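Chemist: Pasting a structure below so you can have a look.
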Amino acid sequence: MRATVVVFPGTNCERETAEALAGAGFDTRLAWHEEAAEGADLYVLPGGFAHGDYLRPGAVAARSPALEVVRRAWQGGAHVLGICNGFQILQEAGLLPGALVANVPAGFRSRWVALRPRAARGAFGRAVGGGRLRWPIAHGAGRFFAPEEVRRELWRSGRVLATYEGEDPNGSLDRIAGVVDASGRVAGVMPHPERAVDRRLGGEDGRAFFLRLREALADGGEGDG
């Protein structure tokens, strides 16, 4: 399985993400956003502050040529994952629903959180598994918001990937921490699975996520999730 991590000016999680993917068995490469190319099975937009989060988080990066590459690859069957700022970029590009806005109460959050998988279909639903997860967050604009009709459709169609359990760190609608698109092949998560791949750093639930994701993609991207 080939994975490409797309790097923007201001990205700061690309190395951890690439190492997490490689550790799960992906053939992984880093690609500068102006040099990204088709041909990977998985494209990952990592966390950070792409283009300094000018205008809105992810707004400038969403207009990068890399997003056209990612869009074509997705249309050709590839999977796409956005983590934190990458999630924001995918929303700004119209590949995922809703918006990620300023935390309530306002302020930057950097801590471990508990997540509850929500049985989304496809490879990403299979990757989060069926049990409670612990991943860290690091964001100031991670509050998921969507209009009521979009909220209802996300739940009705099984597109909520995970919700925060226990403490609500940012005031997200329905405590939503991650979603998938209608195809099941584009996903966004606000917490950082790549920072949860080593017990010495706090936990390994992220490593399990990437391992299951690789297995799901090797099986053709299907899964009951």
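Chemist: Which of rounded, prolate, oblate describes the chain, given a ≥ b ≥ c as roots of the alpha-carbon gyration tensor eigenvalues and a/c under 1.5 marking rounded, otherwise prolate only if a/b is larger than b/c?
Modeler: rounded
Chemist: Can I ask one more? Quick one: work out the % antiparallel among DSSP beta bridges in the chain, nearest 5.
Modeler: Of the beta bridges lying entirely in the chain, close to 55 percent run antiparallel.
Chemist: Net charge around Ala141, counting only other residues with Cβ within less than 15 Å of its Cβ (Lys, Arg = +1; Asp, Glu = -1)?
Modeler: Residues near Ala141 contribute +1 overall.
Chemist: For all pairs of alpha-carbon atoms in the range 139-194, what percent lies in each bin of width 5 Å, listed from the first bin to the last filled one?
Modeler: Result returned by the calculation: 4, 19, 30, 27, 14, 5, 0.
Chemist: Between Phe145 and Glu34, what is the spin-label point distance in nm, taking each point 7 Å from the Cα along the Cα→C-beta axis?
Modeler: 3.4 nm
Chemist: Does the range 46-169 come out rounded, prolate or oblate, given a ≥ b ≥ c as the square roots of the eigenvalues of its C-alpha gyration tensor, rounded meaning a/c under 1.5 and, failing that, prolate meaning a/b above b/c?
Modeler: It is oblate, given that a/c is not under 1.5 and a/b is not larger than b/c.
Chemist: Can you sort Thr163, Thr28, Thr4 from fewest to most other Cβ atoms within 10 Å of each residue's own Cβ?
Modeler: Result, fewest neighbours first: Thr163, Thr28, Thr4.
Chemist: Among Ile83, Ile137, rank each residue by its count of other Cβ atoms within 10 Å, from fewest to most, as a rough exposure measure.
Modeler: Lowest count first: Ile137, Ile83.
Chemist: I want to check the label-to-label distance for Arg63 and Trp155. Put each point 7 Å from Cα in the C-beta direction and report it in nm to one decimal.
Modeler: 3.6 nm
Bear in mind these aren't lab numbers, they're just calculated from the coordinates by the rules spelled out. Predicted model only: the values in this text are computed from it and were never measured. Glycine also receives a Cβ, built like all others from the backbone with ideal geometry; neighbour counts cover every protein chain displayed.
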